[in-house]
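Structure first, then comments.
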């Protein structure tokens, strides 16, 4: 009975933040917003990816993300939040970041937004039932979020905003839906010097900061992105580097739960910005809404 009361309370809290009517899919437990897909080719490509069933295990995730390192990052992030915080995860897709939510912060509610509804159908592949009671799934567009202003205690996004051409609208929306003193954190692929050197050594043209590959739009981390975030939030953006030792393109990946020691070394390297500019795969932006 207590479990259902908590679930109903969290559901009411989330629904009270909706700025428009969302249709609820009872079978998939996903709220559906009506929006026009602006990146049709990329949407179709992501649908193709999500239909490959073998992807929904941590070993597959580990081919693209440093799972043990991101687990540490998630833990750090969750421990900075106020009691009963509500977090908006934009582009959270399969929800694997939050699979240990109940063990770390059972009071925190996570709202995952993704523009591909099929991605959200697989959150239960990674998250336990105990964690799922605090996770709500919304099929919506990051450039026009279906929430009232000043709703969330934190805005979290990992390698998603880099794929949205209208970056400015995304940042304005993040500012709008955050509460006063709400935390903004975004992980973006870093255009590091090592990658450029490797391209030159193999007689390839170095990637530009904005480009398309296989229909995926990608805008790498840049000072202009940081400046935009700083201007919108009217606050300083703290940034650091992450995934120094993890590079899928160079076949440097690690099995989940077997690389915690390496993850802690990688975390220590985050203190060295010069090293990060040379080698890190990710750049992380953090600021707060004044």
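Key figures for this structure:
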| quantity | calculated |
| --- | --- |
| Hits in segment 254-290 (condition: surrounded by fewer than 17 Cβ atoms within 10 Å (Cβ to Cβ) and in a loop (DSSP other than H, G, I, E, B)) | 255, 257, 258, 271, 272, 290 |
| Residue check for residue 223: closer than 18 Å to residue 64 by Cα and out of contact with any strand residue (DSSP E or B) (no Cβ under 8 Å at 6 or more places or on another chain) | no |
| Selected residue [assigned to a loop (DSSP other than H, G, I, E, B), modelled with pLDDT of 95 or more and touching a strand residue (DSSP E or B) at 6+ places or on another chain (Cβ under 8 Å)] from 150, 141 | 150 |
| Criterion (outside any loop (DSSP other than H, G, I, E, B) and surrounded by fewer than 17 Cβ atoms within 10 Å (Cβ to Cβ)) met by exactly one of 84, 59, 107, 71 | 59 |
| Count of segment 26-43 residues which are free of Cβ contacts under 8 Å to residues at least 24 places away in the same chain and either in a helix (DSSP H, G or I) or in contact with a strand residue (DSSP E or B) (Cβ under 9 Å, 6 or more places away or on another chain) (or both) | 2 |
| Of the criteria (1) modelled with pLDDT under 90; (2) farther than 25 Å from residue 161 by Cα; (3) in contact with a helix residue (DSSP H, G or I) (Cβ under 9 Å, 6 or more places away or on another chain), which one residue 8 fails | (3) |
| Conditions (1) within 30 Å of residue 260 (Cβ to Cβ); (2) modelled with pLDDT under 95; number of the one not met by residue 81 | (2) |
| Single condition residue 249 does not satisfy, out of (1) at pLDDT below 95; (2) under 20 Å from the mean Cα position of the chain (by Cα) | (2) |
| Only listed residue being at pLDDT 95 or above and over 17 Å from residue 253 (Cα atoms), chosen from 45, 32 | 32 |
| Any hit, segment 272-280, residues being closer than 27 Å to residue 182 by Cβ and touching a residue at least 40 places away in the same chain (Cβ under 8 Å) | yes |
| Looking only at segment 131-160, and only at residues there that are farther than 28 Å from residue 103 by Cβ and touching a helix residue (DSSP H, G or I) at 6+ places or on another chain (Cβ under 6 Å), the one that is surrounded by the fewest Cβ atoms within 10 Å (Cβ to Cβ) | 149 |
| Residue list for segment 219-242, restricted to those being buried (at least 18 other Cβ atoms within 10 Å of the Cβ) and at pLDDT below 95 | 219, 220, 221 |
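Yes/no per residue for (1) under 17 Å from residue 280 (Cα atoms); (2) modelled with pLDDT of 95 or more; (3) assigned to a helix (DSSP H, G or I):
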{"residue": "175", "(1), (2), (3)": "no, yes, yes"}
{"residue": "184", "(1), (2), (3)": "no, yes, no"}
{"residue": "191", "(1), (2), (3)": "yes, no, no"}
{"residue": "205", "(1), (2), (3)": "no, no, no"}
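The values are calculated or read from the model by the stated rules, or taken from the named source; none is laboratory data. Since we're looking at a predicted model, the values are computed, not measured. Using ideal geometry, Cβ is built from the backbone for each residue, glycine included, and neighbour counts are taken over all protein chains shown.
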